[in-house]
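Peer 1: Here it is, the structure in full.
Read-outs throughout are calculated quantities, based only on the coordinates presented, and are distinct from any laboratory measurement. None of the values given here were measured: they were computed from a predicted structure. No Cβ is skipped: glycine too gets one built from the backbone with ideal geometry, and neighbour counts run over all protein chains shown.
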Amino acid sequence: MASEASISKELISQLVEGTIDDDNATRLQRLPRKDQDRFMNYCAVLQARVSWQDQILLRLGDKLYVVRNAANQRVVKCDCGHEFGDYRQNWKLGCKVRVRRTLAEMREVYDPAPACPEPGWQEVREFFCPDCAAQHSVEVVAPGYPVVFEMLPDLDKFYRDYLGQPLPDEAGDWYADRTADLTQRWAASAAG
Ligand SMILES: [Zn+2]
């Protein structure tokens, strides 16, 4: 097995792909601390897997990232290149959404039947990329419940305080939920 100092991008790549062998997986799990540059190596591995150049700042899901784009904005971006916009706004509002409300609709994805959410009390919302149709998230909530904003990361704090590598565009207003800006625009245009 490789030594702790040599946790290479190749090994991280195997971890991401799910092809890492048991010995190395166990060794990584038993490290008293993660290797210092693990996150940056992880991002480098992810960066090599996508077809675009925008810098990956954080991975949100299997095929979803926060990136800094060519216009120097921090946006949510799909594997396929589709941009959902400012990462401070809930990216789900830019998705194609399928809602399962009836027992028959839920049974298509739940098995056995007793595991199904209860129609009328709950609904299943599936969120898809409008360009490549990748399913980025599923939420099971009460009908009418606001679309869940799963994570608003404080990127500046993470990069500065935890990684010791502050982002070059650090600013006080990056960490704020701006989703209401979008819904207010929708409301204004619907009223107008
Ligand atoms: Zn996509």
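Peer 1: For Gln29 and Ser51 in the same chain, what is the full-extension length gain: residue separation times 0.36 nm, less their Cα-Cα distance, in nm?
Peer 2: Fully extending the segment from Gln29 to Ser51 adds 4.9 nm.
Peer 1: Next question. Could you please rank Tyr162, Tyr175, placing first whichever residue has the fewest other Cβ atoms within 10 Å of its Cβ?
Peer 2: Tyr162, Tyr175
Peer 1: Among Cys132, Cys95, Cys43, which one shows the highest mean-square fluctuation when the chain is modelled as a Gaussian network with alpha-carbon springs under 10 Å?
Peer 2: Sorting by GNM fluctuation, first place goes to Cys132.
Peer 1: Something else: If I model a spin label at Asp169 and Asp21 as a point 7 Å from the Cα along the Cα→Cβ vector, what separation in nanometres do I get?
Peer 2: 4.3 nm
Peer 1: Hey, in the GNM for the chain with a 10 angstrom Cα cutoff, which one of Ser137, Ser13, Ser51 fluctuates hardest?
Peer 2: Ser51
Peer 1: Taking a quarter of the surface of the Cα convex hull of the chain, what do you get in nm²?
Peer 2: Average projection, Cα convex hull of the chain: 14.8 nm².
Peer 1: I'd like the orientation of helix 38-49 relative to the chain: the angle between its Cα long axis and the longest Cα principal axis, in ° from 0 to 90, rounded to 10.
Peer 2: Between helix and principal axis, roughly 70 degrees.
Peer 1: Would you calculate a helix-derived [θ] at 222 nm for the chain, using -39,500 (n - 2.57) for each DSSP H run of n ≥ 4 and dividing by the full residue count, to the nearest 500?
Peer 2: Estimated from H runs of four or more residues: -7000 deg cm²/dmol.
Peer 1: For the pair Arg98/Lys157, report the inter-label distance in nm, with labels modelled 7 Å from Cα in the Cβ direction.
Peer 2: Between Arg98 and Lys157, the simple spin-label model gives 3.7 nm.
Peer 1: Could you size up the charge dipole of the range 19-86 around its Cα centre, putting +1 on the beta carbon of Lys and Arg and -1 on that of Asp and Glu, and report it in debye to the nearest 20?
Peer 2: So the magnitude is around 220 debye.
Peer 1: May I pose another question? Provide the net charge surrounding Ile20, with neighbours chosen by a C-beta distance below 13 Å and charges set as Lys +1, Arg +1, Asp -1, Glu -1.
Peer 2: Net of charged neighbours comes to -3.
Peer 1: Which Rg and Dmax, in Å, describe the Cα atoms of the range 53-117?
Peer 2: Every Cα atom of the range 53-117 included, Rg and Dmax give 16.4, 49 Å.
Peer 1: Give the order of Val45, Val148, Val76 when sorted by the count of other beta carbons within 10 angstrom, beginning with the fewest.
Peer 2: Starting with the residue having the fewest Cβ neighbours, the order is Val148, Val45, Val76.
Peer 1: Take the eigenvalues of the Cα gyration tensor for the range 1-49, scale each by 5, and report the square roots as semi-axes in whole Å, largest first.
Peer 2: Its equivalent ellipsoid spans semi-axes of 17, 13, 8 Å.
Peer 1: Step through the residues of the range 155-171 one at a time and calculate ³J(HN,Hα) from phi using the Karplus curve (6.51 cos²θ - 1.76 cosθ + 1.60, θ = phi - 60°), rounding each to whole Hz and writing x for Gly and Pro.
Peer 2: So the Karplus estimates, Gly and Pro as x, are 5, 5, 5, 4, 5, 6, 8, 9, 9, x, 9, x, 6, x, 9, 4, 7 Hz.
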